Amino acid sequence: MTLEPVPAHAPLELEHFLPYRLSILSNTVSQSIADEYQGRFQLSMTEWRVMTILARFPASSATQVVERTRMDKVAVSRAVARLVEAGRIDRGTFDGDKRRSVLNLSEAGWAIHDEVAPLARAHERELLEKLSEDEKAWLEKILDKLLGP
């Protein structure tokens, strides 16, 4: 068996590299939704993601937000600080233990969530309309498999 020589530089063919393509898709979809809330509510993408986690999983810690989103710990910490300062989330303590904080959407946070969430769902529907019912089912199965344990 003869081995082919390896070129000195072998750049990734990004147009065929799955992580790159998924990143581009995620950024494209996220930015189209972000355009709806950034100007209207001065809300960053990271802040919106934190708010969606707290809407779905109330009384979460910042660590739990990081675990659920796979976002950078520092980015989440900064987003939480901005959201608390803006009055969009409330920070409390877990059973009075000041070392463990819990985060919840405030009334102001819920008001923003309740305006933005339907817009996000509409963007999702618009995106999925490009797929057949079989393709949607396969996409769901593939995502579950790739994101699963």
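Bear in mind these aren't lab numbers, they're just calculated from the coordinates by the rules spelled out. Because the structure is a prediction, the values reported are computed rather than measured. Note: ideal-geometry Cβ built from the backbone for every residue, glycine included; neighbour counts use all protein chains shown.
Placing dummy labels 7 Å off each Cα toward the beta-carbon, the span from E13 to A111 is 5.4 nm.
Coupling constants for segment 129-140 follow from the phi torsions by the Karplus curve (6.51 cos²θ - 1.76 cosθ + 1.60, θ = phi - 60°), and in residue order they are 4, 6, 10, 6, 4, 4, 5, 4, 5, 5, 4, 4 Hz; glycine and proline get x. Semi-axes of the equivalent ellipsoid of segment 35-149 are 29, 19, 11 Å, computed as sqrt(5λ) over the eigenvalues of the C-alpha gyration tensor in descending order. Helix 73-85 against the longest principal axis of the chain: what's the angle in degrees, Cα atoms only, rounded to the nearest 10? Roughly 30 degrees between the two axes.
Amide H contacts of S60 (H built 1.01 Å from N, in plane; Pro and chain starts excluded): L103 sit under 5 Å, all sequence-distant by 5 or more or on other chains. Extension gain for the segment Y20 to E4, taken as residue separation times 0.36 nm less the Cα-Cα distance, is 3.1 nm to one decimal. Residue farthest toward the positive end of the dipole of the chain, with Cβ of Lys/Arg at +1 and Asp/Glu at -1: which of A117, I89, Q42? Comparing the listed Cα positions along the dipole, I89 ranks first. Model label points for D95 and T63, set 7 angstrom from Cα along the Cα-to-Cβ axis, are 1.4 nm apart.
Could you order the peptides 43-53, 85-95 from most to least packed, using the average number of other C-beta atoms within 10 Å per residue? The partial results should precede the final answer.
Details: 43-53: 21.8, 85-95: 14.0.
Going from most to least packed, we get 43-53, 85-95.
Need one number: the % of Cα-Cα pairs in segment 14-64 sitting beyond the 16 Å mark. The calculated P(r) of segment 14-64 puts 54 percent of pairs beyond 16 Å.
How large is the helix-only mean residue ellipticity at 222 nm for the chain, computed as the sum of -39500 (n - 2.57) over DSSP H runs with n ≥ 4, divided by its residue count, in deg cm²/dmol to the nearest 500?
Theoretical 222 nm ellipticity from helices: -21000 deg cm²/dmol.
Other residues with beta-carbon under 14 Å from the beta-carbon of D114 carry, at +1 per Lys or Arg and -1 per Asp or Glu, a net charge of +1.
Please compute the net charge surrounding R56, taking Lys and Arg as +1 and Asp and Glu as -1 over other residues with Cβ under 14 Å from its Cβ.
+1
Computed from backbone phi with θ = phi - 60° and the Karplus coefficients 6.51, -1.76 and 1.60, the 3J(HN,Hα) list for segment 42-52 is 6, 10, 6, 4, 5, 4, 4, 5, 4, 4, 5 Hz; x is used for glycine and proline. Report the full-extension gain for the segment E140 to R125: residue separation times 0.36 nm, less the Cα-Cα distance, to one decimal in nm. This chain segment gains 4.0 nm when fully extended.
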